[in-house]
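Before any comments, here is the structure.
What follows draws every value from the coordinates through simple rules; no lab data is involved. Owing to the predicted nature of the structure, the values given are computational and were not obtained by experimental measurement. Neighbour counts are summed over all protein chains in view; Cβ atoms, including those assigned to glycine, are modelled from backbone coordinates with ideal geometry.
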Amino acid sequence: MNALGIKDQRQSGADEVLASGEYPLTRRDLSEIAAMIYADAGIYLNETKASLVYSRLSKHIRSLGLSGFREYCELVAAPAGAAARREMLSHLTTNFTRFFRENHHFEHLRDHVLPDLLNRARAGGRVRIWSAASSDGQEPYSIALTVLSMMPNVADYDFKILATDIDPKILAIARTGAYDENALETVSPAMRKQWFTEVEMQGRRKFQVDDRVKRLITYNELNLMAQWPFKGKFDVIFCRNVVIYFDEPTQMKIWQRFAGLLPEGGHLYIGHSERVSGEAKHVFDNIGITTYRYTTKGIGRKA
Ligand SMILES: C[S@@+](CC[C@H](N)C(=O)[O-])C[C@H]1O[C@@H](n2cnc3c(N)ncnc32)[C@H](O)[C@@H]1O
């Protein structure tokens, strides 16, 4: 096995077909794609993901007019194929999200975290929240809507939400902030009425987030595997349903890096099937469902 859980090509038929339909996807193809996506985004794919890789890429390969996965692998591995390789990332990342997904986090934020942070903002202090894998914006907009429901004039203060994702295509949707009606099912009727406007975009009926909500959020492309350009700390970090795609050592490094970005008492919300692991466990108190508070107070006791 190699680091990606894919059998060494010399020992086991590299040409063995792992998934097929229009084009065969061989073990060698999958191994090369997995190595590239791991290097670029930390996303871990093993042989159990062969059908997923096939279904996400085969249509794209056809649209590029290529003969199959082999030619595609050669294209994305070549220096001239850098743009195609970035495009591959967009196809292989899972962008599923929802307004107020795992709503207990937004309730916790509203009831236990924002009261102090909003008081600090009112007193002239700085407040920063980071949505670290924001997908198409439904997560950061849910944060902003929660904040606005408590303090409609929050934009007058130094209160900002940073939303980042590795996928520029999904960030373009986030910046537009326009969604199909069914995406708004988890938004309360009162919030819909106050903060969304019905619009027509390319012949389709959409609901667009108000500029007063957008104004609180800055969207930037950021790869969690790369260096982070931050100077200051964040009071709250949402990093939900992304590290699940990383392997354990990568996850442990990410938790440590978040610890370095939170002040004493800062909060971290993670996805429903994720857990803080490794050394960072000593500085993150688990205070609720997938909800953590950063503290250095227990280090001696827990070590
Ligand atoms: C399943 S969505 C989660 C969205 C949102 N946080 C939620 O819980 O609803 C995962 C997002 O992580 C992004 N992603 C994957 N690998 C990443 C990386 N290395 N750095 C930053 N974002 C990444 C994907 O583009 C995708 O939009």
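Three principal axis extents describe the C-alpha atoms of the chain; from largest down they are 65, 59, 31 Å. Only aspartates and glutamates eight or more places from K214 in sequence, or on another chain, were considered; those with a Cα closer than 18 Å are D136, E139, D156, D158, D165, D180, E198.
Volume of the convex hull of region 9-92 (Cα atoms only), normalised per residue: 90 Å³.
This ranking places I33, I217 by how few other beta-carbon atoms lie within 10 Å of each, fewest first, which gives I217, I33.
Computed over region 185-303, the P(r) curve from all C-alpha pair distances, binned at 10 Å from the origin, holds 11, 33, 27, 20, 7, 1, 0 percent per bin. Just to confirm my numbers, what's the Cα centroid distance between region 185-238 and region 258-273 in Å? Distance between centres, Cα-based: 20 Å. If r is the Cβ-Cβ distance from A82 to D211 and R0 is 45 Å, what FRET efficiency results, to the nearest 0.05? FRET efficiency, A82 to D211: 0.80.
Among W228, W130, a tally of other beta-carbon atoms within 10 Å of each Cβ gives an order, fewest to most, of W228, W130.
Quick check: residue separation of S20 and R126 times 0.36 nm, minus the Cα distance between them. What number comes out in nm?
Taking S20 through R126 to full extension adds about 32.8 nm, to one decimal.
Annotation: region 19-172 has a Kirkwood hydrodynamic radius of 18.2 angstrom, from the mean reciprocal C-alpha pair distance. In terms of overall dimensions, the C-alpha atoms belonging to region 118-207 reach 46, 32, 19 Å along their principal axes, ordered largest to smallest.
What relative contact order, as a whole-number percentage, does the chain give when Cα pairs under 8 Å and 6 or more residues apart are counted? Once divided by the residue count of the chain, the mean separation gives 14 percent.
Can you tally the net charge around V147? Count Lys and Arg as +1, Asp and Glu as -1, for every other residue whose Cβ sits under 14 Å from the Cβ of V147.
Charge balance near V147 sits at 0.
Note on K253: aspartates and glutamates with a C-alpha under 17 Å away, same-chain residues under 8 apart excluded, are D40, E274, E279.
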